[in-house]
């Protein structure tokens, strides 16, 4: 075998080795992506969307749709900031789907607890707004109530309804699918 033939043989062997490495790398990447997706959680995915600040379309089990950016993620809710700056808190149990509005595939977070979600519940967020004369719109089981947030107990939200004459509503926290902060007074 002359020098040119040996060089061609080495080049062919190197090309075949590179091709085999590329195939192996793609297979490894696909396997890792599959493992991450199979161990992902909805909360972890929401945290990833919050970190990317990607606009999303959220559809609830009650067929309500919201467009905005994931602003916060709690243990049992996601907070969405809409274009009008209104914050809508949506119960995780009421989420039907979350769709990033751009075509980029968001990273999925693994099954480890997410620091952005630990220890904060919908009830805690609502309770922190008591005393600010916050107007709240609450959706629960097909009913919409609007009024001033007066109190939040262990399992109940108290609203002074925006009706004439003003009335009261006591809403079971567990039934709240959405809560929107309308303004402060």
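When you scan region 143-151, do you find a residue that is touching a strand residue (DSSP E or B) at 6+ places or on another chain (Cβ under 6 Å) and within 23 Å of residue 65 (Cβ to Cβ), even just one?
From region 143-151, those touching a strand residue (DSSP E or B) at 6+ places or on another chain (Cβ under 6 Å) are 145-151; that's our starting set.
Subset that is within 23 Å of residue 65 (Cβ to Cβ): 145-146.
Checked region 143-151: at least one residue is touching a strand residue (DSSP E or B) at 6+ places or on another chain (Cβ under 6 Å) and within 23 Å of residue 65 (Cβ to Cβ).
Among the residues of region 39-94, count how many are without any contact (Cβ under 8 Å) to a residue 12 or more places away in the chain and either surrounded by 18 or more Cβ atoms within 10 Å (Cβ to Cβ) or within 16 Å of residue 138 (Cβ to Cβ) (or both).
Of the residues in region 39-94, 0 are without any contact (Cβ under 8 Å) to a residue 12 or more places away in the chain and either surrounded by 18 or more Cβ atoms within 10 Å (Cβ to Cβ) or within 16 Å of residue 138 (Cβ to Cβ) (or both).
Only one of (1) within 16 Å of residue 181 (Cα to Cα); (2) at pLDDT 90 or above; (3) not assigned by TED's automatic domain parsing to the domain that holds residue 47 is not met by residue 132, so which one is it?
Every condition holds for residue 132 apart from (2).
Can you find even one residue in region 169-184 that is free of Cβ contacts under 8 Å to residues at least 12 places away in the same chain, outside the structural domain of residue 95 (by TED's automatic domain parsing), in a strand (DSSP E or B) and within 25 Å of the chain's Cα centre (by Cα)? Spell out the reasoning first.
Let us first name the residues in region 169-184 that are free of Cβ contacts under 8 Å to residues at least 12 places away in the same chain, namely none.
Checking region 169-184: not a single residue is free of Cβ contacts under 8 Å to residues at least 12 places away in the same chain, outside the structural domain of residue 95 (by TED's automatic domain parsing), in a strand (DSSP E or B) and within 25 Å of the chain's Cα centre (by Cα).
Any residue that is part of a strand (DSSP E or B), modelled with pLDDT under 95 and within 15 Å of residue 46 (Cβ to Cβ) - is there at least one of those in region 141-157?
No, there is no match, as no residue in region 141-157 is part of a strand (DSSP E or B), modelled with pLDDT under 95 and within 15 Å of residue 46 (Cβ to Cβ).
Which residues, taken from region 163-185, are in contact with a strand residue (DSSP E or B) (Cβ under 8 Å, 6 or more places away or on another chain) and surrounded by 13 or more Cβ atoms within 10 Å (Cβ to Cβ)?
169, 171, 173, 175, 176, 177, 178, 179, 180, 181, 182
What single numbered condition from (1) part of a helix (DSSP H, G or I); (2) at pLDDT 85 or above fails to hold for residue 36?
Residue 36 satisfies all of (1) part of a helix (DSSP H, G or I); (2) at pLDDT 85 or above except (2).
Please state which of the following conditions residue 102 fails to meet, knowing it meets all the rest: (1) buried (at least 17 other Cβ atoms within 10 Å of the Cβ); (2) modelled with pLDDT under 90.
(1)
The values are calculated or read from the model by the stated rules, or taken from the named source; none is laboratory data. From a predicted model like this one, the values you see are computed outputs, not experimental measurements. As a convention, Cβ positions derive from the backbone with ideal geometry for all residues, glycine included, and neighbour counts pool all protein chains shown.
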